[in-house]
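The values are calculated or read from the model by the stated rules, or taken from the named source; none is laboratory data. Values in this document were obtained by computation on a predicted structure and should not be read as measured data. Note: ideal-geometry Cβ built from the backbone for every residue, glycine included; neighbour counts use all protein chains shown. The protein model used for the area step is the full one, side chains on, heavy atoms only, and it has no ligands, DNA or RNA in it. Shrake-Rupley method; radii C 1.70, N 1.55, O 1.52, S 1.80 Å.
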Amino acid sequence: MIGTRERVLNYAVLVAFAFVALFPLAGAAQQALHLPDPDLSAFQRAWRDGHFGVYLRNSVIVTTVTVALATVLSIMAGYALGTLEFRGSGALFLLFLAGLTVPTETVVVPLYFDLRTLGLDNTYAGVILPQVAQSVAFGSFWMRAYFRSVPRALLDAARIDGASSWTTLWRVLVPMGRPAVLTMVLLVAMWTWNEFLLPLVVLNSAEDLRTAPLGLSFFQGAHQTDYTLLTAGALIIAAPIVVLYVFLQRHFIAGMLSGAVKE
């Protein structure tokens, strides 16, 4: 049992880290809202002048499609690599791991020319497909760890009952692994939402397809000294992913703890 002194120390450390994390947000909110007398005019101006309605729509489309495709592919790849035995599975897993070691900056230029050759530059697909590939590298690693932690007796029982691999995956293992899946969904959603370099390069001449972080960058360039307007724009862009985290935080914490996942 944790003693009173240890409990107080734990909470003190958590409060200190929470203060460090929230202080910049509180400062931005104070700047944008003109506290203590709230004023939403900066948000209205930022929304109107920055065209954030269009940019947020684009980010929602890109993030939703990327997360959906990456989640399905990662679950299937993780299941195959974590529970099925087949020749070359180890090498295939290492290939997926290699995808985690390749930063976007090293491949974005040749990737752009490949996408342009295929006619995918300045399109949603040109932004979505590379991010799906990047996310599947992490997602396969994450879901493989979860599937390897599942008791073999459960898999054997499902097979004895006549369940196919497909049925075992989607009707037995995925519902059980909801925290791990939702944790992966949240992480991929945050990474996709915040991606800047890839949309900047791929959407170089498609203003109506700009994502939220890209739109915020151009908005910043047009209002370099209007800090109230800039902080309002930044809060608008950050709000959706913060709300998503608030709704999924319980699953996120459970997924992180369960998936400290034993191999």
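Here are the numbers:
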quantity: Separation of the residue 157 and residue 76 label points, Cα + 7 Å toward Cβ, nm; calculated: 2.8 nm
quantity: Degrees separating the helix 52-83 axis from the principal Cα axis of the chain, which is the longest one; calculated: 20 degrees
quantity: Part-to-part distance (alpha-carbon centres) for segment 60-127 and segment 181-206, which is given in Å; calculated: 13 Å
quantity: Rotationally averaged projected area of segment 1-127 (alpha carbon convex hull; nm²); calculated: 15.6 nm²
quantity: Kirkwood hydrodynamic radius over Cα pairs of segment 85-188, then Stokes diffusion coefficient at 4 °C and 1.567 mPa s, in µm²/s; calculated: 80 µm²/s
quantity: In degrees, nearest ten, helix 212-222 long axis to first principal axis of the chain (Cα); calculated: 20 degrees
quantity: Portion, in percent, of the accessible area of the chain that falls on carbon or sulfur, probe 1.4 Å; calculated: 68 percent
quantity: Taking N as its residue count, the alpha carbon Rg of segment 112-172 over 2.2 N^0.38 Å; calculated: 1.76
quantity: Farthest positive-ward along the chain dipole, Cα basis, beta-carbon charges - from 95, 219, 172; calculated: 172
quantity: For q = 0.13 Å⁻¹, Debye-computed log10 I/I(0) when each Cα of the chain counts as one equal scatterer; calculated: -0.99
